[in-house]
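Scroll down for the structure; my scribbles are underneath it.
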Amino acid sequence: MNSRPVFFRISRNRRKAASAPAMRPKALSGSIAKYSRGLALSVLTLIGAPAVSHAVDYYWNTGTNTWSGTFWSDNATSGGTTGVLPTSSDTITFNQSSVNGAETISLGADQSVLGITFSNTGTTLLQGGGVADQILTIGTSGITINSGAGAVTIGSLTALQSVAIALGGNQSWTNNSASQFTVINGIDNGANLLTIAGTGNTTISGIIGSGVTFSGGLTKNGNGTLTLSAANAYTGATTINRGTLNLGGSTANGSLDSTVLNMAGATLNYTRTGGTTQAFTTTNITAGANTITAVATNTLTLGSLVKTGDATVNFGTTGTITTSTLNDATGILGGWATFGGTNWAVANGAGSAITGFAGTYTMTNSVLNVGASALSLVH
């Protein structure tokens with residue numbers, strides 16, 4: 001019996017055997033035709049599929065040195081394969097678990113990584129390298145400082161040693177250690193949201209919003225304290241969900257171009273020296289118990305106060321804190337706002353300073369009544 005060659009169709013073009021009669025499409029009916037179509041789709045998918053890039057985790061395997069592939073290993077503990085320089089799709093860790101101690105890493109050139117973890121129990125300093133100021137671009141994995149890690153500093157005020165940071169996307173910087181995390185030089189945030197989190201404390205003395213675009217915002221999460229001591233240019237909202245934002249850090253600098261302040265169970269301390277003013281157009285009190293203070297010589301302008309839900313706020317008694325929001329019908333800002341922790345807060349006119357209520361409170365059948373001289377409770 002003569003055999004007839006069979007061709008599976010893997011495209012829309014019909015193909016014929018040179019030595020056989022033309023084959024009609026129905027000759028590939030049923031299960032064979034289904035297999036043929038599946039095979040064609042699989043082949044075409046494989047041919048057209050782009051290469052998939054997988055992030056690699058690299059670990060610093062030495063102490064003080066210059067950033068190069070020689071000192072990056074793919075082994076988290078010790079040894080491993082070296083010689084590859086991390087790229088923007090890779091995460092890096094300082095250090096291998098067997099390598100600890102005080103260290104200074106010079107970037108030597110602009111570097112770009114997906115994210116950075118610090119586990120070194122000694123101090124870690126990332127600086128430019130002395131040849132030129134460098135840029136460190138960090139992707140969406142951000143920065144994590146693990147519990148037990150030593151103090152981490154990125155950047156320097158020394159010429160040719162600075163390290164500016166560029167955000168490659170929205171990201172979080174989380175300090176879970178008991179040590180200080182310090183960022184000295186500028187942060188080019190672009191349109192990205194930077195979130196500072198963790199139980200540890202962070203100080204940023206460089207300008208957030210140092211690039212051409214600076215519409216991104218700043219969010220504070222976690223119970224630690226974030227201190228800002230530069231003339232920050234970012235224009236996105238400033239949101240304090242937990243912990244403390246210390247604006248100024250008892251230095252002559254520390255300001256925000258951000259005009260919207262959101263507070264959700266946190267503290268804002270305006271501690272810049274020199275009798276300065278920080279102004280917001282809107283302050284949203286959205287959740288939890290909040291505290292807002294200013295040192296004696298400063299003025300903190302909150303603009304319109306907007307309270308939602310069961311949120312509360314207490315205003316400090318030093319400095320001058322103003323609002324454009326007027327008192328309610330009872331003569332106070334509302335039962336959600338206190339002054340000095342023990343008195344109702346009042347604002348007598350748009351833009352006036354927030355002070356404590358100086359009149360009479362009466363409580364009749366659980367209803368608060370405001371009078372004109374001293375405190376009295378009526379049962």
Which numbered condition residue 51 misses (of (1) at pLDDT 95 or above; (2) not in a strand (DSSP E or B)): (1)
Please indicate, with yes or no, whether at least one residue in the stretch 206-217 is crowded, with 21+ Cβ neighbours inside 10 Å, under 25 Å from residue 276 (Cα atoms), among the aromatic types (Phe, Trp, Tyr) and free of Cβ contacts under 8 Å to residues at least 60 places away in the same chain. yes
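Name the single residue, out of those in the stretch 86-113 being among the hydroxyl-bearing types (Ser, Thr, Tyr) and within 22 Å of the chain's Cα centre (by Cα), that is nearest to residue 134 (Cα to Cα). Before you say what the answer is, go through the steps one by one.
Quick first cut of the stretch 86-113, residues among the hydroxyl-bearing types (Ser, Thr, Tyr) only: 87-89, 91, 93, 97-98, 104, 106, 112.
Narrowing further to those that are within 22 Å of the chain's Cα centre (by Cα): 87-89, 91, 93, 112.
Details: 87: 16, 88: 16, 89: 19, 91: 19, 93: 19, 112: 11 Å.
Only one residue tops the list, namely 112.
The values are calculated or read from the model by the stated rules, or taken from the named source; none is laboratory data. Nothing here was measured: the structure is a model prediction, and the numbers come from that model. Virtual Cβ from ideal backbone geometry, glycine too; neighbours counted across all protein chains shown.
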